[in-house]
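*Asks:* I am attaching a structure below and will ask some questions about it afterwards.
The values are calculated or read from the model by the stated rules, or taken from the named source; none is laboratory data. Just so you know, these numbers come straight off a predicted model, no measurement behind them. Cβ: placed from backbone, ideal geometry, glycine included. Neighbour counts: every protein chain shown. SASA here: full protein model, heavy atoms, side chains in, ligands and nucleic acids out. Shrake-Rupley method; radii C 1.70, N 1.55, O 1.52, S 1.80 Å.
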Amino acid sequence: QVQLVESGGGLVQAGGSLRLSCAASGRTFSNYAMGWFRQAPGKEREFVSGLSWAGVNKYYADSVKGRFTISRDNAKNTVYLQMNNVKPEDTAIYYCAVRVGGVSTLAGAYNYWGQGTQVTVSS
């Protein structure tokens, strides 16, 4: 079993920055892929970014490419999402997730989820 706890969300003005963190506990997760997803009101959960277990392969949704950066610190069992130049359309609840194997853009492919952290971007 893996427990995930997100933090770092909040209210930020458009053009600002936030760093989300996802701390994992429980089973060793060094061989897991990590993903960030988000869900805005009335919309489906969508893939934002993903990272392979070694931290070599990184994936981004087109909507955040060039603005968001994913990273992980396996010694701390933590994955980060640095969000720069945020836009009002980035407003959503952000979730981190873990799956065994490689990164997937499909939410259903992930085995464990955090409770989410709210990000609100004001214009």
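*Asks:* Please indicate, with yes or no, whether at least one residue in the stretch 103-111 is part of a strand (DSSP E or B) and aromatic (Phe, Trp, Tyr). It would help to see each step written out before you state the result.
*Replies:* The first filter runs over the stretch 103-111 and keeps only residues part of a strand (DSSP E or B), leaving none.
The answer is no, given that none of the residues of the stretch 103-111 is part of a strand (DSSP E or B) and aromatic (Phe, Trp, Tyr).
*Asks:* Of the residues VAL48, VAL5, only one is under 10 Å from the mean Cα position of the chain (by Cα) and under 18 Å from GLN115 (Cα atoms); which? Don't jump to the end; show me each part of the working.
*Replies:* Working: VAL5 fails: under 10 Å from the mean Cα position of the chain (by Cα).
Every option except VAL48 fails the conditions.
*Asks:* Determine, yes or no, whether SER17 is modelled with pLDDT of 95 or more and in contact with a Phe, Trp or Tyr (Cβ under 8 Å, 6 or more places away or on another chain). Before you say what the answer is, go through the steps one by one.
*Replies:* On the way: modelled with pLDDT of 95 or more: yes; in contact with a Phe, Trp or Tyr (Cβ under 8 Å, 6 or more places away or on another chain): no.
No; evaluated as a whole, the condition is false for this residue.
*Asks:* Being touching a helix residue (DSSP H, G or I) at 6+ places or on another chain (Cβ under 6 Å), under 18 Å from TRP113 (Cα atoms) and not β-branched (Val, Ile, Thr) narrows it down to one of ARG38, ARG99, ARG72, so name that one.
*Replies:* On the way: ARG38 fails: touching a helix residue (DSSP H, G or I) at 6+ places or on another chain (Cβ under 6 Å); ARG72 fails: touching a helix residue (DSSP H, G or I) at 6+ places or on another chain (Cβ under 6 Å).
It is ARG99.
*Asks:* Looking at the stretch 84-102 only, could you name the residues that are over 21 Å from GLN13 (Cβ atoms) and assigned to a strand (DSSP E or B)?
*Replies:* Initially, the stretch 84-102 is screened for residues over 21 Å from GLN13 (Cβ atoms), giving 95-102.
Within the stretch 84-102, TYR95, CYS96, ALA97, VAL98, ARG99, VAL100 qualify.
*Asks:* Looking only at the stretch 23-51, count how many residues are in contact with a Phe, Trp or Tyr (Cβ under 6 Å, 6 or more places away or on another chain), at pLDDT 95 or above and open to solvent by 80 Å² or more (accessible area, probe 1.4 Å).
*Replies:* Total meeting the criteria: 1.
*Asks:* Restricting to the stretch 94-116, give me the number of residues that are open to solvent by 20 Å² or more (accessible area, probe 1.4 Å) and in contact with a Leu (Cβ under 9 Å, 6 or more places away or on another chain).
*Replies:* 5
*Asks:* Looking at the stretch 10-20, can you tell me whether even one residue there is surrounded by 14 or more Cβ atoms within 10 Å (Cβ to Cβ), among the small types (Gly, Ala, Ser) and within 15 Å of THR117 (Cβ to Cβ)?
*Replies:* No: the stretch 10-20 contains no residue that is surrounded by 14 or more Cβ atoms within 10 Å (Cβ to Cβ), among the small types (Gly, Ala, Ser) and within 15 Å of THR117 (Cβ to Cβ).
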